[in-house]
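To start, the structure itself, in C-alpha cells.
The values are calculated or read from the model by the stated rules, or taken from the named source; none is laboratory data. Computed from a predicted structure; not experimentally measured. Virtual Cβ from ideal backbone geometry, glycine too; neighbours counted across all protein chains shown. We work out accessible area using only protein heavy atoms, side chains counted, and drop any ligands, DNA or RNA first. Shrake-Rupley method; radii C 1.70, N 1.55, O 1.52, S 1.80 Å.
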Amino acid sequence: MTKIDVLLGLQWGDEGKGKIVDVLTPDYDVVARFQGGPNAGHTLEFNGTKHVLHIIPSGIFHREKINLIGNGVLIEPRIFRQEIEALTEKGVDATQNLFISKKAHLILPSHRMMDAANEQAKGNAKIGSTLKGIGPAYTDKIARNGLRVGDTLAADFRERYDALKRLHLQQAKALGFDVNAFRVDGMTLDEYERVWMESIETLRRFRYVNSEYFVNQCLRDNKKVLAEGAQAMMLDIDFGTYPFVTSSNTITAGVCTGLGVAPSTIGRVMGITKAYCTRVGAGPFPTQLDDETGRMLCEQGHEYGATTGRPRRCGWIDLPALRYACMINGVTDLFVTKPDVMNNFETVCMCTGYEIDGQLTDEIPYEYNTADIRPQFTPYKGWMCSLEGTASYNALPKELLDYLKAIEQQTGVNIRAVSISPDRKDVLFKQ
Ligand code: IMP
C-alpha cells in the first residue's frame, strides 16, 4: 500500500501550487482535490500558453493520469462546464480521466446570492470573498441542508433544489438583500438558474464515484496519489486568520476528511511558499508593504487574482507564519516560488519575529487581527541579476542561495525545489 503525498500552500494562497502540481504529476498516477472549490485559481503555463483551473485537478493535462474531485470539494456546475469547455478547446478530453465524488457538495446559484448577501450585511467587516458561494455552500453542508453531486441522479432533485433555494430567498430577505438586483455574470438569479441546470447535464457526463473507496483502492494498488490543496494554510477555517479565511480545512488534516483516507496514509507533505508574501481580500498581513517596494512586488510578480482579477497585497516573507504552517501541516519538503520577482532588489528582507506590545515573539497570537504587530526584519543582500536560463539549483546566485538557506534554517525544513519562472521547465530541484 502506498502513502498519499500532499501539496499545499503555506501562506494566503497564490503560491503557485497549480504549477508545482503540474511539474510533479509525472511522478504520480492520481491527482486529487480534497477541499475548496471555484474560489481557487490554479495557473499552469506551458508551451507559451496560460491555463487557469478552478475545480478540476491540475493533473488533467496529462492524459494518462487519473484526476479525482474528492468529497470535500464544492462544485459549481456552470463554472465546471466552463472549465470543461475551455479544456475541450485546447484538445483536452476530461471525460476519460476525471472522476467526481458523489459526496462532493454543489454550489447553487442561490449560494452565490447568499455570499453576496452575507458580504453586504458585514459592511466594513467584509471578508473579501471571491463570491463563488463557498461560505454558504459549506454552511449548508454543516447544517445538513446541502445537495450533493450524487443527488443530481435522484428523481426528486428539482424539488430538493427548489426547497433549498426557497430557504436562501428567506435568508436573503431577512438580511435586507435586494434579490431582484442580484446578478451573476450579468444574469438574474432565474436566468442563471437556467444555465446552471443545463450545466448539470455536463456534470452528469462524468463518472461519479464513491471516492473514498476509489482512492483507498488506488493506494492498495500501489498507485501514487497526490492530494492537491487549494487556498492555503493561513486561510484555513480553524488555524487561519479567522474570520478572514475560507470555509474549509485547507491543511493536511483536510486531506483525510476531504478524500476519506486515514491519517496513517499520509506520506510526504510538500509546502509551497513564495519567496515573498501576498494576500488577496481582507484580513491581517503583518509584513505587507504599502510603499514602492510593495508596488514593485505587485507589478513584477503580476500579482492580480487568477479568479477575481483583484490586485494582491504584497510584502516580505513572514517566517513566524511559515513556521506555524510547517508545524500545523507537518511539512517535509519546501518549494519556493517566484524569487525572480525580486531580481532587481538591492536588499530583500525576511520577517523573523514579531514585536507585540514591546515583547518579541515568533508565535502567531490569538489576537492576530487586532494586535499591533511590528514585524522584525532581517535584511539580505539582493542578487541583482536575471535568473533566466539558470540550469540547476546550485547554479543560482550566491546571494539567493544564502536567502534560501536562511529559510531552511528558520523553518527547519529542507527546500526541495525553487521555481524561477512561470514555465514548467524552470523548476530547479535541489540535488
Ligand atoms: P471565499 O473562500 O471565496 O469565501 O473567500 C474567503 C477569503 O479567502 C477571501 O479573502 C479570498 O480572497 C480568499 N481566497 C479564497 N480562495 C482563494 C485562493 O484560491 N487564493 C487566494 N485567496 C483566496
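Structure above, values below:
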| quantity | calculated |
| --- | --- |
| Computed over segment 136-228, the ratio Rg/Rh where both radii use C-alpha atoms and Rh is Kirkwood | 1.08 |
| Within segment 1-100, GluC sites (Glu not before Pro) in DSSP loop having at most 14 other beta-carbon neighbours inside 10 Å | Glu64 |
| Long-range HN-HN contacts of Tyr304 with modeled amide H, under 5 Å | Arg312 |
| Rel. contact order, % - alpha carbon contacts under 8 angstrom, at least six apart, the chain | 20 |
| Solvent-accessible surface ranking, highest first, for His54, His168 at 1.4 angstrom | His54, His168 |
| Hits among lysines - C-alpha to C-alpha of Lys173 under 25 Å, sequence gap 8 or more where chains match | Lys122, Lys126, Lys132, Lys141, Lys165 |
| Residue-normalised accessible area of segment 54-205, expressed per residue, 1.4 Å probe, Å² | 44 |
| Furthest towards positive pole of dipole, Gln231, Cys256, Gln288, structure part the chain, Cβ charges | Cys256 |
| 10 Å-binned pair-distance histogram of segment 46-172 (Cα, whole percent) | 12, 38, 31, 17, 3 |
| Net charge dipole size for segment 295-368 [Lys, Arg +1 and Asp, Glu -1 on Cβ; Debye, nearest 20] | 380 |
| In Å, descending, principal axis extents of the Cα set of segment 214-313 | 53, 28, 22 |
| For segment 230-242, 3J(HN,Hα) per residue [Karplus equation, 6.51 cos²θ - 1.76 cosθ + 1.60, θ = phi - 60°, Hz, x = Gly/Pro] | 10, 6, 5, 3, 6, 10, 5, 5, 8, 10, x, 8, 3 |
| Reduced Cα scattering model of the chain, Debye log10 I(q)/I(0), q = 0.11 Å⁻¹ | -0.83 |
| Dipole of segment 40-103, positive end: most advanced residue of Pro57, Ala94, Val73 [Cβ charges, Cα centre] | Val73 |
| Candidates per GluC sites (Glu not before Pro) in segment 330-378, loop by DSSP, up to 14 other Cβ within 10 Å | Glu346, Glu363, Glu367 |
| Eligible aspartates and glutamates near Lys223 by straight Cα distance, threshold 20 Å, same-chain separation 8 or greater | Asp5, Asp22, Asp27, Asp29, Glu64, Glu212 |
| Using θ = phi - 60° and Karplus 6.51 cos²θ - 1.76 cosθ + 1.60, couplings along segment 137-143 (whole Hz; Gly, Pro as x) | 5, 5, 4, 5, 4, 5, 7 |
| Per-residue ³J(HN,Hα) for segment 340-351, Karplus 6.51 cos²θ - 1.76 cosθ + 1.60, θ = phi - 60°, Hz, x for Gly and Pro | 4, 5, 9, 3, 9, 8, 5, 10, 10, 10, 10, 8 |
| Computed magnitude of the charge dipole of segment 52-153 (debye, nearest 20; Cβ of K, R +1, Cβ of D, E -1) | 280 |
| Loop-located trypsin sites (Lys or Arg not before Pro) in segment 200-259 whose Cβ has at most 11 other Cβ within 10 Å (DSSP) | Arg205 |
| Cα convex hull volume per residue for segment 1-46 (Å³) | 94 |
| Mean projected area in nm² (Cα convex hull; one quarter of hull surface) for segment 352-408 | 5.5 |
| Accessible-area composition of segment 354-431, carbon plus sulfur, in percent [1.4 Å probe] | 47 |
| Under-5 Å amide H pairs with Val184, H placed in peptide plane, nonlocal only | none |
| Share of pairwise Cα separations in segment 302-390, more than 18 Å, in percent | 60 |
| Thr95-Tyr304 pseudo-label distance in nm [points 7 Å out on the Cα-to-Cβ vector] | 3.6 |
| Accessible area in the full protein assembly, largest first, 1.4 Å probe, for Asp372, Asp318 | Asp372, Asp318 |
| Estimated 222 nm signal from helices in the chain, with DSSP H stretches of n ≥ 4 weighted -39500 (n - 2.57), rounded to 500 | -9500 deg cm²/dmol |
| Euclidean distance of C-alpha centroids, segment 137-179 and segment 238-315, integer Å | 29 |
| The chain, dipole about Cα centre (Lys/Arg Cβ +1, Asp/Glu Cβ -1), debye to the nearest 20 | 1100 |
| Over segment 93-195, relative contact order from alpha-carbon pairs under 8 Å, at least 6 apart, % | 32 |
| Crossing angle, helix 189-204 versus the chain [Cα axis fit, 0-90 degrees, rounded to tens] | 80 |
| Segment 272-321: relative contact order in percent, alpha carbon pairs under 8 Å with at least 6 residues between | 49 |
